[in-house]
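The values are calculated or read from the model by the stated rules, or taken from the named source; none is laboratory data. Remember, predicted model here, so these are calculated numbers, not experimental data. Ideal geometry is used to build each Cβ from the backbone, glycine not excepted, and the neighbour counts take in all protein chains shown. Side chains included, ligands, DNA and RNA excluded: accessible areas come from the protein's heavy atoms. Shrake-Rupley method; radii C 1.70, N 1.55, O 1.52, S 1.80 Å.
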Amino acid sequence: MAQLRIAMAQVNPTVGDLDGNCRIVLDHARRAAEAGAHLAVFPELVVTGYPVEDLALRNSFVSASIKATHALAAALAEEGLGELPVAVGFLSRRTGVGERFGQPAGSPQNAFALLYRGRVEVTSAKHHLPNYGVFDEFRNFVPGETLPVVRLHGVDLAFAVCEDLWQGGGPVAAARAARVGALITINASPYERDKDNVRLELCQRRAREIGATVGYVNMCGGQDELIFDGDSLIVDAEGELVARAPKFEENLFVTDLALPEAGAVEGPEGPVDGVTVVRHTLSTDPVPAYAPQPPVLTPRPDPASDVGEVYRALVVGVRDYAVKNGFASAIIALSGGIDSALTATIAVDALGGDRVYGLLLPSKYSSDHSVADAEELAKRQGIRARTVEIAPVVAAFEAAVHLDGLAAENLQARVRGTLLMGLSNQEGHLVLATGNKSELAAGYSTLYGDSVGGYAPIKDCWKTLVWELARWRNAEAERAGEVPPIPENSISKPPSAELRPGQLDTDSLPDYTVLDALLDAYIGTDKGLRELTIAGYEPELVQRVIRMVDRAEYKRRQYPPGPKISSRNLSRDRRLPITNRWTPQG
């Protein structure tokens, strides 16, 4: 067996910031070299950030990525790091082949590069292009057809990109046929609830299938609606977990591996399942024997209680959306209810209380406890709060145009939205919308009212999860000997928009426990009327909920982005026509 020390860098790049992303690689490569690593590995498309979406279709952006990657290789050598092979993901283009019908013009590729001695020594491209959920890679890339196998210090290492590990055959089959000592995958795999065990089980299955160690390095941080949680890991050829990085934070974790020495070059004469093995040699002699370091094995919380991980994902989403888009502060309408209370708490944990502004906007229907609860929340968390009575503003509108019923109720929400956006324009705050997934699904929100904002932290959280998150955050504070950030009354009182006297959400919606389960079945699994009725829901309730969901598609199209934490959010995961007369029967 030969020894090899691998440094895996789970880092947080920003889409389009090629210079900044390359500085991140330089910094972590330097730290890897100082740790005695023989190889440093970075995530998928680390040079450009991920996902690049239709930036991939701009020739100037592809050219800039290629230029930056070559410049990065030279910069590593200039910094004295040229002898350390550095694996990165970058945006490239296929060369030597003409355009093909049905593929993106310019032949952009989601590519891998191995940088060594000042040069881009090895390149290849992602073979399997995901085209489901949030992924549109068939639209943006053309597939690669090779698997690079690099001999480094006497060990044969194969390199693949993200989906190439998730799909059987292709690069996986080629790696098995090439009899490699390890398969290293570079990834940008977004966070979802319950996903990290799926990743571990995948790596274990592939390791046993290939008969080799599998290294999996993942991105971390937020990019628009996606949250990358890291969770980089290594499993041995038997599928045993060797090392695992922490979640939701940048980390360079270094692991010593004992891998089989490469023998004479063996392997397939031609393509294996559409993929050709291309061999490269950097060094043939194993490194002298040394004392290995203990591996990093970050413990994982009980998977049955993952609410804390969801909360951390939401905090990362708010922090990176604000920071990467240049917002120094955020502003939130504080109603005293649970949604605004949780949103404000997430914002404070992401940005700090001194950078979060609260706006209390009571109407003539607002209860005393709502104002008191909002004031108490601001006091507990150090939020800079101010109060603006909206009754005179509403009255001015009503004097100009007579409105009654729902239109009059919605006017209050729209006045609040106008004031929030006005202060955002005046003072430069990021407006955080406070709507939850249950409301968005059922259309229980007001366009240009409570739907205004630049980012929506709990957009992908059912109302029942909102309560769970609030209770979890308060319990964490109590465990730390701190005052719970959210007043108990905000959690325990019946939810209400307070748009008319005595109004409750249950006047218009079923109990949230029932509603959320039904919505999750309809939206999350596409069950229709018949299937939902068989599952035990009342037919009349099912029909009513389906109508509410389908009628509200136009509202959801106009809602701000927000962090995805479920397997199917109400944005890119679920794309339905606004004009739609189809009633799902199931």
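The set of residues in segment 76-95 that are of a type in the set (S, T, N, Q) and in a strand (DSSP E or B) contains only 92. As for segment 134-145, it holds at least one residue that is at pLDDT 90 or above, open to solvent by 50 Å² or more (accessible area, probe 1.4 Å) and touching a strand residue (DSSP E or B) at 6+ places or on another chain (Cβ under 9 Å). Taking the condition open to solvent by less than 60 Å² (accessible area, probe 1.4 Å), at pLDDT 95 or above and out of contact with any strand residue (DSSP E or B) (no Cβ under 8 Å at 6 or more places or on another chain), does residue 341 pass? It is true that residue 341 is open to solvent by less than 60 Å² (accessible area, probe 1.4 Å), at pLDDT 95 or above and out of contact with any strand residue (DSSP E or B) (no Cβ under 8 Å at 6 or more places or on another chain). For first residues located in segment 230-245 and at positive phi, partners that are in a loop (DSSP other than H, G, I, E, B) and among the small types (Gly, Ala, Ser) and lie 6+ apart or on another chain with Cβ distances below 8 Å form the pairs 230/245; 231/245. For segment 106-145, a residue qualifies if it is under 15 Å from residue 46 (Cβ atoms) and part of a loop (DSSP other than H, G, I, E, B), and exactly one does: 126. Can we say residue 167 is modelled with pLDDT of 95 or more and closer than 30 Å to residue 314 by Cα? No, not satisfied.
For residue 54, the conditions (1) modelled with pLDDT of 95 or more; (2) assigned to a helix (DSSP H, G or I) all hold with the exception of (1).
For segment 323-344, enumerate the residues that are within 20 Å of residue 466 (Cβ to Cβ) and within 20 Å of the chain's Cα centre (by Cα). Correct list: 342, 343.
I'm checking my understanding of the structure. Among residues of segment 13-37 that are surrounded by fewer than 23 Cβ atoms within 10 Å (Cβ to Cβ) and not in a helix (DSSP H, G or I), which one is farthest from the chain's Cα centre (by Cα)? Restricting to residues being surrounded by fewer than 23 Cβ atoms within 10 Å (Cβ to Cβ) and not in a helix (DSSP H, G or I), the top hit is 36. Just one of the numbered conditions (1) surrounded by fewer than 24 Cβ atoms within 10 Å (Cβ to Cβ); (2) of a type in the set (Gly, Ala, Ser); (3) within 25 Å of the chain's Cα centre (by Cα) is not true of residue 160: (1). Within this structure, residue 44 passes the test of being crowded, with 18+ Cβ neighbours inside 10 Å, among the acidic types (Asp, Glu) and under 24 Å from the mean Cα position of the chain (by Cα).
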